[in-house]
Amino acid sequence: MGIRLLEKLATIGPTFTTADARRVWGTKETVTRVLLSRLSKSGRVERLEKGKYLIIPLGAVNGKYTLHEFVLGSMLVRPYAIAYWSALHHHGLTDQMPSTVFVQTTARTKHLERKIAGVRYRVIRISGRKFFGEKREWLEGTEINITDREKTIIDCLDKVRYSGGLVDVGLALANGKLDIARLVDYTTRNGTSAVQRRLGYLCRFAGIDIIRPRPLPKSYVLLDPTVPPVGKKDPHWRIIVNIDVRELEELH
């Protein structure tokens, strides 16, 4: 019986919710929970978190099998997009691999940080006007949402602590074969002066000409808000350069 139940569930994908199981099986809630408990104990499904499960293929071992971490991340919240450092690495814009999967959303959620199947996840909530620029990709037979290359850059400039480091973002601008018109459009849509100024400052190292918005606020912003506010001032972009940019200077 268990195999037949799993075959029905597998028609909707490798992951499912309690509601999915109830709908596919046509069972009442109490019966559904009992069946899921039995399948979990027998190692045929793994409980990812409350109400969410992963089907364990025949021959695989429960606890040692998992899907791509982005597929699991896609189950955490709706709407969502894999973003920030995770997307930066996925697109080949940095060699630095994050130890956490970053998931962007506009929804409220109680669990911002969690660990599933040995992988750490961080959910970042943003405003609706900043939620755009995602694309769909297939991973292990499942379609997931991930920010495109240009939106990934803008997001990393917006929330630097999830970027993996602004020097890597600067290197990505130089080497990432980006659509500059789209990058500028996304910066405007983001609507944050600090993002515009960080982008403009870093683009100079990459040989990209970005028009300086006018007028700029008189106050200065930190290039990297995650480190102490000590450094030289760039009057053109009104940026306090509080990180070591020598690696970027070598791009010239």
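The values are calculated or read from the model by the stated rules, or taken from the named source; none is laboratory data. Since this is a predicted model, take the numbers as computed values, not measurements. Positions of Cβ are backbone-derived with ideal geometry, glycine not excepted, and every protein chain shown enters the neighbour counts.
If you take the residues of the stretch 11-46 that are out of contact with any strand residue (DSSP E or B) (no Cβ under 9 Å at 6 or more places or on another chain) and at positive phi, which of them is surrounded by the most Cβ atoms within 10 Å (Cβ to Cβ)? Across the stretch 11-46, the extreme among qualifying residues is Gly43. For Glu49, are the conditions met, namely being of a type in the set (Asp, Glu) and at pLDDT below 85? Yes, satisfied. In the stretch 90-101, the residues that are in a loop (DSSP other than H, G, I, E, B) form Cβ pairs under 6 Å with partners that are of a type in the set (S, T, N, Q), at six or more places apart or across chains, as follows: Pro98/Ser86.
Starting from residues that are charged (D, E, K, R) and either at pLDDT below 95 or within 23 Å of the chain's Cα centre (by Cα) (or both), keep the ones in the stretch 198-240 and report whichever is surrounded by the most Cβ atoms within 10 Å (Cβ to Cβ). Talk me through it step by step, then tell me what you get.
Here is the first cut: in the stretch 198-240, the ones charged (D, E, K, R) are 198, 204, 209, 212, 214, 218, 224, 232-234, 238.
In the following step, the residues that additionally are either at pLDDT below 95 or within 23 Å of the chain's Cα centre (by Cα) (or both) were identified as 198, 204, 209, 212, 214, 218, 224.
Numbers: Arg198: 28, Arg204: 18, Asp209: 9, Arg212: 12, Arg214: 5, Lys218: 6, Asp224: 20.
For the stretch 198-240, the residue satisfying everything is Arg198.
If you check Trp85, Trp138 for being surrounded by fewer than 20 Cβ atoms within 10 Å (Cβ to Cβ) and either modelled with pLDDT of 95 or more or over 27 Å from Gly191 (Cβ atoms) (or both), only one passes: Trp138. If the condition is being modelled with pLDDT of 70 or more and surrounded by fewer than 19 Cβ atoms within 10 Å (Cβ to Cβ), then the stretch 56-71 contributes Pro57, His68.
From the list Glu140, Glu150, the one residue that fits, being under 24 Å from Asp179 (Cα atoms) and either in contact with a Gly (Cβ under 6 Å, 6 or more places away or on another chain) or of a type outside the set (S, T, N, Q) (or both), is Glu150. The C-beta contact set for the stretch 223-242 (first residue over 18 Å from Thr192 (Cβ atoms) and free of Cβ contacts under 8 Å to residues at least 60 places away in the same chain, second residue of a type in the set (Lys, Arg) and part of a loop (DSSP other than H, G, I, E, B), distance under 8 angstrom, 6+ apart or interchain) comprises His236/Arg212.
Looking at Arg182, Arg212, Arg198, can you tell me which residue is within 30 Å of His68 (Cα to Cα), charged (D, E, K, R) and in contact (Cβ under 8 Å) with a residue 24 or more places away in the chain? It would help to see each step written out before you state the result.
Details: Arg212 fails: within 30 Å of His68 (Cα to Cα); Arg198 fails: within 30 Å of His68 (Cα to Cα).
After ruling out the rest, the residue left standing is Arg182.
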